[in-house]
Amino acid sequence: MKTVLMSLFIFFLFMGCNENTQEVQASGKKVHIGLIFTDNDSLMHKRLKVFKVFQKQWGRLDNGDELVLHVVSAKKDALSCFNNLLKEEKMSAVISFLDSTLMLDLKQSIEKNKVPVMSIIATHSKVNEIKYVSRICLNNPWQASVAAAYIRDELFISNINIIRDERNDFSLELSDLFEERYKKMGGRVVSVFSVKGLENDPQNFIKKMNENKIDALFLTINVQKTKELIKLLHKLNHKVTILTHDGLLSAFKTKFPEEAYLLDNIFVIDNYADDVRLSTKARILQKYKLDKKGFFDSYNGLSYDSWSLLRAALNRCKNYSGECVNNYMRNASRVEGVVEVFSMKEGNALRAVYVNKIKDSKMKIRVKVY
Amino acid sequence: MTYIQKALFIYDDEESAYLCLIKDNSYGCVCKNVDINTFLNNPTSFKTDAQHILLSCTNENIHKVLQEAVKHEYSIGFLPLSKDKDLIRAYSLSSILSENLEIALRDELELIDLIECENEFYHLKIRLGDIPLIQSMHKEDSFFIKTKKAFGQFLSLKLFNYDFETSNKEIKTAASGLMIANHAHGSSIVNALFKDTSMREGKMSMILVSPSSILQYIYFLSSIFHFSSESKKLPESVSFLKSEKFNILSADIPVRLDNLIDKSSPICFELKKEAVKINASTEFWEKNPKRSNEKEVSKISALPDEKERVKYTKAHLPFFAVASAERFKELFLILRDDAKINSQYLMLMFLSTILATIGLFANSAAVVIGAMVLAPLMTPIVAFAMGTLRGEEEMLRYALYKIALGVFVALSASALMSMLLPQIELTSELKARINPTLLDLGVAIFSGIAAAYTKSHKSIRDSLAGVAIAVALVPPLATAGIGLGRGEFYVFYGAFLLFFTNLIGISLAATITFQFLGFSNAVKSKKSLIAVSLLLAIITYPLYLSYHDIIDKYELNLILKQNRYLVDDKYIIIKNANLVHKGDIDVIHLKLLLRDALNRDELEQLKQKIQLGSKRKIYLHIETEYIL
């Protein structure tokens, strides 16, 4: 009796470990995956390390074929870099860390070569018009709608200023979309400021901004300008609600880790939050300590989701044809992500967008929008 | 300070390293180095050289030298090695040799008493039998082995017959073990137990440990950890004697002397007064004051007498203490009466159910509580628990009849009452009693413990524990009766499951509590206990499902409170959500807050998004409110 009980106990103890310890027998075949960065990406090494971990942990498909990474860093000409990557081997898919502008530059080449591309950070809506691109992150229309709705219906703010960077496609599109959505909901955009004003005459910039009574600021500017603006607001003891765009905190913490406290109490839209609970499978990654405090940050999360989606697509396509992989990636259903299950619809990830409030340099969930 | 001018330094191989230090001492003492074997071969031959011994040997050799020192009137100054913790502690010495040398050469010799046994003298302590976790372990054993041994001793703890004589008394008792010493030394526990002893009072002390259960021994161990030197009262289950002589008459008890020599009883210990002169630290002399005319002491109220000891020495100690025969008899008689049916019980059961039914219909917690005070259900249940424990078939049968009759009266009364009252909607008081969960089982278990505890203590027997029982039983019974009366089976099922859960939970908890309190050292009727436990296991399943249901609902509310949905640019806030499981389908009642109305297509999109987070098929019932 004792032996039976002990055996049952051991059986149940190890029953849950299958997924983590399962070894797939190597088939000897290789599946080539491209990974493209921009060379001014200061986090390139960190991001590459994350993919190496994925390769180590889940580097084989169900049939034992091995995923091989080919890494390139685009200097000035993303297009030629991309083309060179495709010449190295027959790529079954490419994972891209290029921003919206560079991704749009690749449009013709992607469509000509019919190579499925997984875009991790490009949020511009036009990126989706490329038929072979799947986007794992949120997009600008979605982000703009969530931001407008949150400010209007949850923070009950009626008057707002937008600060944008006219030299940046992402900033322009997001600001325009936000303005349109916010007005539609009965909100008033008092003024739209260009960040150039902040560069030329900061005092005057603030003075103009204060001419009309506003309750909040919506920022679509980069981290450098965000830092300058917030410092100025602190100096003038000007208290105002601020909502800003995705990826800001991660980039800010990389560039100005000592000054990350400046972002405290700011609302931020993002793909994740710091207080989310990782899925069971993704928790394996915590042992790698990719970050000081474990695995998680937004980019790692998106990278995990893209790897997960890519593997699911490759597992379903014989010979890994570009057409098949692309079709699956753009319309996949119920893929296990880093936090929860997500689906794809016409190349867009159907997933929650988080509205977070920053506290102690961490994003704390306020709401999660599906 | 004056110092001794001539001394013998007696050493064995390990301590030869100190030869130079002793020879070149700064106290002007001329030391003659003598190898231990040379000294033991002819101890008298060194008398002319010196009469003081500086002793630095292993424990075994110290013992041998001590014998010779007593016989030939040598005085001793100890020079222990830093690893010899026992000796350092015993004479309050230092671990630094130079400091000990200074003490050992002081010309301040004092006489101390030693314990004599079979013509040998002992200066540390003597142990007989087992005193787990207090007695010293073999030093060479690893921590694991020591723990294993201690645990083994603990589980096989048993009392043995101890017949012994002091100088003026003969005692026949039972104990797990005893310790004899004539001064407090060693661990803080031993120090605390022997705190009133001195090596200069002409008496030695004995500590006897005689717990009546393992639990009591655990209590003894925990109590001596905070047993301070100021405490006047001995820990429970400990006895203390002081005498010049302890003659152990019982045979075959293992004896360990000075952690060195093993013997077995019968054995006699006598005190050799002023046996040897020694040098020790000032602290040692303060702890061992000179006393004359010290009286014999005998604090033995905790010891079982000759009659009582029979039940303790038969087998290993039970985990729980055994209640005294008198206490058991008194409670047993009360419970036997409680198990019998009488008219007052039926009347009170009827009245309390009627009151509870009215209270439930009126949705009045106050009236329901009033009904509880009247309800007499505690007595048969507690009797049932005792019957289960002791295997008293008659008591079990009576108690079961009484409970069954009470249930019948309550169900009939409440069913009848509900037929007479108008068919109003279920009140919140009623609804609260048709979805039992594991939490209700928790209520039942603690009520059961309270019931058995109050019943077994005379001083609190009339407390309100009965109300706690009634809280758990009468309202569910009344609700079940209402369900019967109204023909609503789900009300009857839910409420009766709650009643049954509570009945079984209370009975089992009370049974275990009685055992814990020592009313039986073993469950006499294993069949009835197994039956009750099996019933408990069976009802745990529906309770678990019900509990799971609550958790699901709570989690859904938590999730939906944080979740928002964006459908065709329409932002949707969920104000409230309620989940109902219907087979494999989840029906979710949602209250939405939004700006613009949703068309059919948008509602479908919303459903798909909510469905994404659930593996079960969902149906939505939606109410909307608008933001303007």
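The values are calculated or read from the model by the stated rules, or taken from the named source; none is laboratory data. Remember, predicted model here, so these are calculated numbers, not experimental data. Cβ placement follows ideal geometry from the backbone for every residue including glycine, while neighbour counts extend to all protein chains displayed. Keep in mind that these areas ignore ligands, DNA and RNA; they rest on the heavy atoms of the full protein, side chains included. Shrake-Rupley method; radii C 1.70, N 1.55, O 1.52, S 1.80 Å.
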Checked the stretch A:57-86 for anything of a type in the set (D, E, K, R) and either at pLDDT 85 or above or not assigned by TED's automatic domain parsing to the domain that holds A:Y304 (or both); matches are A:R60, A:D62, A:D65, A:E66
Within the stretch A:293-300, can one find any residue that is within 14 Å of chain B (Cβ to nearest Cβ) and at pLDDT below 90? no
Against the condition within 14 Å of chain A (Cβ to nearest Cβ), buried (at least 18 other Cβ atoms within 10 Å of the Cβ) and over 30 Å from B:A385 (Cα atoms), how does B:Y565 come out, does it pass? yes
Restricting the stretch B:267-314 to residues that are of a type in the set (D, E) and more than 15 Å from B:N182 (Cα to Cα), the one surrounded by the most Cβ atoms within 10 Å (Cβ to Cβ) turns out to be B:E308
A:I214 meets each of (1) farther than 29 Å from A:L102 by Cα; (2) of a type in the set (A, V, I, L, M); (3) open to solvent by less than 10 Å² (accessible area, probe 1.4 Å) with one exception, condition (3)
If you go through A:K184, A:K126, the only one that is under 22 Å from B:D568 (Cβ atoms), surrounded by fewer than 19 Cβ atoms within 10 Å (Cβ to Cβ) and away from every other protein chain (no Cβ under 14 Å) is A:K126
Matching residues in the stretch A:139-155 (open to solvent by 10 Å² or more (accessible area, probe 1.4 Å) and either among the hydrophobic types (A, V, I, L, M, F, W, C) or in a strand (DSSP E or B) (or both)) number 2
Scanning the stretch B:379-392 residue by residue, those open to solvent by 20 Å² or more (accessible area, probe 1.4 Å) and either over 31 Å from the mean Cα position of the chain (by Cα) or over 16 Å from B:S343 (Cα atoms) (or both) turn out to be B:F384, B:R390, B:G391, B:E392
In the stretch B:586-614, anything at pLDDT below 85, away from chain A (no Cβ under 12 Å) and surrounded by fewer than 18 Cβ atoms within 10 Å (Cβ to Cβ) is listed as B:V587
Of the conditions (1) away from every other protein chain (no Cβ under 14 Å); (2) within 28 Å of B:L560 (Cβ to Cβ); (3) touching a Phe, Trp or Tyr at 6+ places or on another chain (Cβ under 6 Å), the single one that A:K357 does not satisfy is (1)
Taking the stretch A:312-339 and the residues there that are surrounded by fewer than 17 Cβ atoms within 10 Å (Cβ to Cβ) and touching a residue at least 60 places away in the same chain (Cβ under 8 Å), the one that is farthest from the other protein chains (Cβ to nearest Cβ) would be A:E323
### Task
Please work out if B:I622 is assigned to a strand (DSSP E or B), of a type outside the set (F, W, Y) and within 14 Å of chain A (Cβ to nearest Cβ).
no
Item to complete: Look at B:E244 and say whether it is open to solvent by 60 Å² or more (accessible area, probe 1.4 Å), at negative phi and out of contact with any strand residue (DSSP E or B) (no Cβ under 9 Å at 6 or more places or on another chain).
Response: no
Of (1) closer than 27 Å to B:K295 by Cα; (2) without any contact (Cβ under 8 Å) to a residue 60 or more places away in the chain, B:L208 satisfies every one except (2)
Restricting attention to the stretch A:343-366, does a residue exist that is aliphatic (A, V, I, L, M), in a loop (DSSP other than H, G, I, E, B), crowded, with 22+ Cβ neighbours inside 10 Å and modelled with pLDDT of 85 or more?
-> yes
Taking the stretch B:385-443 and keeping residues more than 22 Å from B:L374 (Cβ to Cβ), touching a Gly at 6+ places or on another chain (Cβ under 7 Å) and of a type in the set (S, T, N, Q) leaves B:N435
Scanning the stretch B:213-259 residue by residue, the ones that are under 26 Å from B:R89 (Cα atoms) and at pLDDT 85 or above total 14
Note: among B:I618, B:I574, B:I627, just one is open to solvent by less than 40 Å² (accessible area, probe 1.4 Å) and without any contact (Cβ under 8 Å) to a residue 24 or more places away in the chain, namely B:I574
Of the candidates A:L229, A:L217, A:L177, A:L172, the one satisfying the condition of being among the aliphatic types (A, V, I, L, M), closer than 18 Å to A:D246 by Cα and within 14 Å of chain B (Cβ to nearest Cβ) is A:L177
Residue check: is B:L335 farther than 26 Å from B:L241 by Cα, surrounded by 15 or more Cβ atoms within 10 Å (Cβ to Cβ) and of a type in the set (A, V, I, L, M)? yes
Filtering the stretch B:393-431 down to residues that are open to solvent by 70 Å² or more (accessible area, probe 1.4 Å), without any contact (Cβ under 8 Å) to a residue 40 or more places away in the chain and aliphatic (A, V, I, L, M) yields B:L400, B:L420
Review point. Does B:S264 satisfy the condition of being surrounded by fewer than 20 Cβ atoms within 10 Å (Cβ to Cβ) and in contact with a Lys or Arg (Cβ under 9 Å, 6 or more places away or on another chain)?
Key: no
